[in-house]
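The values are calculated or read from the model by the stated rules, or taken from the named source; none is laboratory data. Keep in mind that what you see is a predicted model, and the values were worked out from it rather than measured. Please note: Cβ atoms are built from the backbone with ideal geometry, for glycine as well, and neighbour counts cover all protein chains shown. Note: accessible area is taken over every heavy atom of the protein model, side chains too, but ligands, DNA and RNA are not part of it. Shrake-Rupley method; radii C 1.70, N 1.55, O 1.52, S 1.80 Å.
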Amino acid sequence: MKTLDIRKAVRDLLLTRLSNVYYRSAPADAKKPYAVFLVDETTVIDGCTVCSLLIELSDYGTDDTVIETLADNIQSDFDHFHFINSTLEFSAYLDSRKNITDNDKLILRRRIEFELRVYGGN
């Protein structure tokens, strides 16, 4: 249940910022702006599972105000975010934030990566 608990906590927090949030991939008809996120387990160190949380934001147009504001808010929400429930706890720490370029100059994308340190949930 660890993975599902993490995914639900991440999705719930993202939904406070935008209404279109998807795990792994967005449908072709997804309304912009939207977020897609992935959680990958990278290693286990002394009972701590280290995961990578990748959040990609997408929008369309010439004005990047909406996507930059979303990226700023999501970065602030998740950096040093702590989640605790009855079976696990995790903390998130900012790893990187990048602009993703596309051949179509109207596609606006940002990638924010966090390291998650997860305890419990076994």
Quiz item: Where the accessible area of segment 1-66 is counted over protein heavy atoms with a 1.4 Å probe, how much of it, in %, is carbon and sulfur?
Solution: 50
Exercise. Normalising by the residue count of the chain, find the relative contact order in percent from Cα pairs under 8 Å and 6+ residues apart.
Key: 25
Quiz item: Nearest-5 percent of antiparallel DSSP beta bridges in segment 46-122?
Solution: 100
Quiz item: In terms of solvent-accessible area of protein heavy atoms at a 1.4 angstrom probe, what is the ranking of LYS8, LYS2, highest value first?
Solution: LYS8, LYS2
Exercise. Determine, at each q value in 0.10, 0.11, 0.14, 0.20 (inverse angstroms), the log₁₀ of I(q)/I(0) that the Debye formula gives when each Cα of the chain is one equal point scatterer.
Key: -0.31, -0.37, -0.58, -1.09
Practice problem: On the full set of protein chains, 1.4 Å probe, figure out the accessible area of PHE83 and give it in Å² to the nearest 10. | Solution: 50
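What full-extension length gain, to one decimal in nm, is calculated for ASN99 and ASP63 as 0.36 nm per residue of separation minus the Cα-Cα distance? Don't skip to the answer; put the middle values down first.
Working: separation 36, 0.36 × 36 = 12.96 nm, distance 1.43 nm.
The span from ASN99 to ASP63 would gain 11.5 nm if fully extended.
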Quiz prompt | Computed FRET value (nearest 0.05) for ASP29 with LEU106, which takes r as the C-beta separation and R₀ as 25 Å | solution = 0.90
